[in-house]
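> One structure coming up, written as structure tokens, with questions to follow.
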Amino acid sequence: MKKIRVFLVDDSISILKVLTTIFVSDPEIEICGWATNGKDAIDKIPQLKPDVVVTDIEMPEMGGIALIKFIERNHPLPVLVFSTYTYEGAKVTYEALEAGAIDFLCKPKSKADVDVLKDELVSKIKIINNVKIIRRVDIDKLKKEQNIDLPDEEEASTDSTIKHLIVIGASTGGPYTLEVLISSLPDNLTHPIVVALHMPPNFTKYFSEKLNLLTHYHVKEVEDGERILNSTIYIGQGGRNVKINSNSTFSIIKSEGDALPSVDILFESAGSVFRNKVVGIVLTGMGNDGLKGARRIKETGGKIIAESEESAVIYGMPKCIIDNNLADEIAHFAVIPQILSGYA
């Protein structure tokens, strides 16, 4: 069996040692080289021809974002970003995902974290080794072409009559997919949208702030107890589950696990409360999160849209929906806004 060739980029020798120890313990992975900054990596990657690159963001001479852009333009291959849990770390990590990185993982803070990290890191490498590389579009250009007029926060609708509720679930590859989808929503669409995107704490706050600049909707991170309003997109808090209550408010639930917020919990609660008003969308991601929730939505008369294999970075989550005959529509993520216009 051909081993997965991994190239490491980090200015910390201790991190390089940790990563090397983790990877050499797996028989399916080998380290083909390493660099301590992006400039050094650019010189080595064409010769060493890795299958996957694991990179830090902040490094001397050339940082990770510039490196990712170079790889995306010249040597398209999967990039996994190593980042931090801080809000500032969330900003630069999101910029890296926007530049073309496939996924990210937070750096360990202790020896105990390293032990937990090992299995997740190896698993991510094996998964993203097989992903499709989708070239990024210019989101600012897309927004300009659509002539979006951004409202002030206080202009968001307070109409309590909800005709439809749109719920979206995504994981690996989700940030870029959601950015394109949300920035393309038709101006006449005002139904509330709730998103469960697998992310750690802090990242979803910055993500919601970024999305808020790209759409006529007001985009915000979900708060416990707040009521669902039209013309608003709610991003579930990273590392916690979000549930919709019978009085159309949210509950934020502290939970353990990696796949948080859970798509199943969001979808099941949405189906139970809003019943045939729900439109569920399952986007790129590994595993089967969203399958139980999609069943609940269908049982209560709602509709399900699944992302097509053609556009999904990871086809696991939408494939489960399609294989179980739960999808009313199967579409490229760029086409989904057009489908949603039919619900306006």
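> Of all residues in the range 90-124, which are of a type in the set (Gly, Ala, Ser) and within 21 Å of residue 177 (Cα to Cα)?
Initially, the range 90-124 is screened for residues of a type in the set (Gly, Ala, Ser), giving 90, 96, 99-101, 110, 112, 123.
Matches in the range 90-124: 90, 96, 99, 100, 101.
> What about residue 38, is it closer than 19 Å to residue 124 by Cα, surrounded by 16 or more Cβ atoms within 10 Å (Cβ to Cβ) and either outside the structural domain of residue 105 (by TED's automatic domain parsing) or not hydrophobic (A, V, I, L, M, F, W, C) (or both)? Explain how you work it out, then say what you get.
Values: closer than 19 Å to residue 124 by Cα: no; surrounded by 16 or more Cβ atoms within 10 Å (Cβ to Cβ): yes; either outside the structural domain of residue 105 (by TED's automatic domain parsing) or not hydrophobic (A, V, I, L, M, F, W, C) (or both): yes.
Here the answer is no, as residue 38 does not meet what is asked.
> Hey, could you check the range 242-278 for residues that are farther than 19 Å from residue 192 by Cα and part of a strand (DSSP E or B) and say which is modelled with the lowest pLDDT?
To start, the set of residues in the range 242-278 that are farther than 19 Å from residue 192 by Cα comprises 253-260.
Remaining after also requiring part of a strand (DSSP E or B): 253-254.
Details: 253: 94, 254: 88.
Ranking the candidates gives 254 first.
> Okay, moving on. Which ranges mark the helices (runs of 4 or more DSSP H) fully within the range 1-120 that have 2 or more residues being without any contact (Cβ under 8 Å) to a residue 60 or more places away in the chain and of a type in the set (Ser, Thr, Tyr)? Show your work before the answer.
On the way: elements: 13-24, 38-48, 64-74, 87-99.
Result: 13-24.
> Hey, another quick one. Looking for whichever is modelled with pLDDT of 95 or more and part of a helix (DSSP H, G or I) here; the options are 178, 189. Which one fits?
Numbers: 189 fails: part of a helix (DSSP H, G or I).
None of the other options fit; the residue is 178.
> I've got another one for you. Cβ-Cβ below 8 Å, separation at least six or inter-chain, first residue in the range 194-209 and free of Cβ contacts under 8 Å to residues at least 60 places away in the same chain, second charged (D, E, K, R): which pairs?
Once the first residue is free of Cβ contacts under 8 Å to residues at least 60 places away in the same chain and sits in the range 194-209, its partners that are charged (D, E, K, R) give 204/221; 208/220; 208/221.
> Which condition does residue 239 not pass, out of (1) at pLDDT 95 or above; (2) under 23 Å from residue 209 (Cβ atoms); (3) surrounded by fewer than 24 Cβ atoms within 10 Å (Cβ to Cβ), if it passes all the others?
Of the numbered conditions (1) at pLDDT 95 or above; (2) under 23 Å from residue 209 (Cβ atoms); (3) surrounded by fewer than 24 Cβ atoms within 10 Å (Cβ to Cβ), the odd one out for residue 239 is (1).
> From the list 208, 157, exactly one residue is assigned by TED's automatic domain parsing to the domain that holds residue 319, at pLDDT 95 or above and either part of a helix (DSSP H, G or I) or among the polar types (S, T, N, Q) (or both). Which is it? Walk me through it before giving the result.
On the way: 157 fails: at pLDDT 95 or above.
Within the list 208, 157, the selection yields 208.
> Considering only residues that are assigned to a loop (DSSP other than H, G, I, E, B) and either surrounded by 21 or more Cβ atoms within 10 Å (Cβ to Cβ) or aromatic (Phe, Trp, Tyr) (or both), which ones fall in the range 299-344?
Restricting attention to the range 299-344, the residues satisfying the condition of being assigned to a loop (DSSP other than H, G, I, E, B) are 300-302, 308-315, 324-328, 332-335, 344.
Within the range 299-344, 302, 311, 312, 313, 314, 315, 327, 333 meet the criteria.
The values are calculated or read from the model by the stated rules, or taken from the named source; none is laboratory data. Fair warning: this is a prediction, and the values are worked out from it, not measured in the lab. Please note: Cβ atoms are built from the backbone with ideal geometry, for glycine as well, and neighbour counts cover all protein chains shown.
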